[in-house]
Amino acid sequence: QVQLVESGGGLVQPGGSLRLSCATSRIIFSIYDMGWYRQAPGTQRELVATVTNGGSTNYADSVKDRFTISRDNAKNTVYLQMNSLKSEDTAVYYCNAKLPNKNYWGKGTLVTVSL
């Protein structure tokens, strides 16, 4: 069974940093496009950042210059480095693995940015 397991969430003060990890299993990680999405209470899930199987990255305007997505194909893991966190970054963050005919999600990790 395919598994995507997020970790690294928690409570952080505004201006702080967190690094999220998403460890995958039972997929050929290197061929998948990977992404991070988030969902705040009462809102729809939104794209945060993606990295293709070739290493190209894309970011939501709201996180550009603050967040960095990266992947380690040897460890079957994708990361999201989040710096200069703001209260509006508070959300459940989900990992996504995508092919044209496959789409997998993790269960999410909660990030809370608050004093």
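The values are calculated or read from the model by the stated rules, or taken from the named source; none is laboratory data. Because the structure is predicted, anything quoted here is derived from the model rather than measured. Please note: Cβ atoms are built from the backbone with ideal geometry, for glycine as well, and neighbour counts cover all protein chains shown. We work out accessible area using only protein heavy atoms, side chains counted, and drop any ligands, DNA or RNA first. Shrake-Rupley method; radii C 1.70, N 1.55, O 1.52, S 1.80 Å.
Are there strands (runs of 3 or more DSSP E) fully within the stretch 6-115 with at least 3 residues that are free of Cβ contacts under 8 Å to residues at least 60 places away in the same chain? List them.
18-25, 46-51, 57-59, 67-72
Give me a count of the residues in the stretch 70-90 that are more than 14 Å from residue 7 (Cα to Cα), hydrophobic (A, V, I, L, M, F, W, C) and surrounded by 15 or more Cβ atoms within 10 Å (Cβ to Cβ).
Result for the stretch 70-90: 1.
I'd like the full set of residues that are under 15 Å from residue 96 (Cβ atoms) and either open to solvent by 50 Å² or more (accessible area, probe 1.4 Å) or of a type in the set (Val, Ile, Thr) (or both), limited to the stretch 53-69.
Hits for the stretch 53-69 are 53, 57, 58, 69.
Return yes when residue 99 is over 18 Å from residue 14 (Cα atoms) and open to solvent by less than 60 Å² (accessible area, probe 1.4 Å) and no when it is not.
In short, yes.
Go through the stretch 1-52 residue by residue and tally those that are within 17 Å of residue 67 (Cβ to Cβ) and open to solvent by less than 40 Å² (accessible area, probe 1.4 Å).
Number satisfying all stated conditions: 20.
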